[in-house]
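The values are calculated or read from the model by the stated rules, or taken from the named source; none is laboratory data. These numbers were taken from a predicted model, which means no experiment stands behind them. Quick reminder, even Gly has a Cβ in these numbers, built from the backbone with ideal geometry, and neighbours come from all protein chains shown.
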Amino acid sequence: MALGQGTPGGKPENLRGKGNAGRPTGAKNKIGAQCKANVIEVFDKIGGIEGMVQWAQENRTEFYKLYARLIPTDITVTTRDDVRDLTDDELALIAAAGSIGADRPPDGTTEPGGVH
């Protein structure tokens, strides 16, 4: 058999008997931690937040692409009421209202504050 080929459904010959070739379960990724530390150091050396603001002003499209990648994609929502406990009238009111108030800040103003 050629290198990397094994029996169907089994490990390739070059990996047989070697056990778990990766890091142990639960072990920290040292390379990832070092990479993050390096990026933070570079960020500080090229101007930190002030440097990033200048870059963002000159490269808005690229900044917004970066920003969009930081927005969580999985959101967990906890409701105050179990919908099974609501009356038909209450459910109809919620359905008719849609997301009333979702576009307003908690202080009741019509202008949203800064995005964080």
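Quick rundown of the values:
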item: In region 67-76, the residues that are assigned to a loop (DSSP other than H, G, I, E, B) and either touching a helix residue (DSSP H, G or I) at 6+ places or on another chain (Cβ under 7 Å) or among the aliphatic types (A, V, I, L, M) (or both); result: Ile71, Ile75
item: Selection count, region 77-116, where residues are part of a loop (DSSP other than H, G, I, E, B) and modelled with pLDDT of 80 or more; result: 2
item: Residues (under 16 Å from the mean Cα position of the chain (by Cα) and surrounded by 10 or more Cβ atoms within 10 Å (Cβ to Cβ)) located in region 42-89; result: Tyr64, Lys65, Leu66, Tyr67
item: Condition broken by Val39, with the remaining ones in (1) over 20 Å from the mean Cα position of the chain (by Cα); (2) modelled with pLDDT of 85 or more; (3) on the phi < 0 side of the Ramachandran plot satisfied; result: (1)
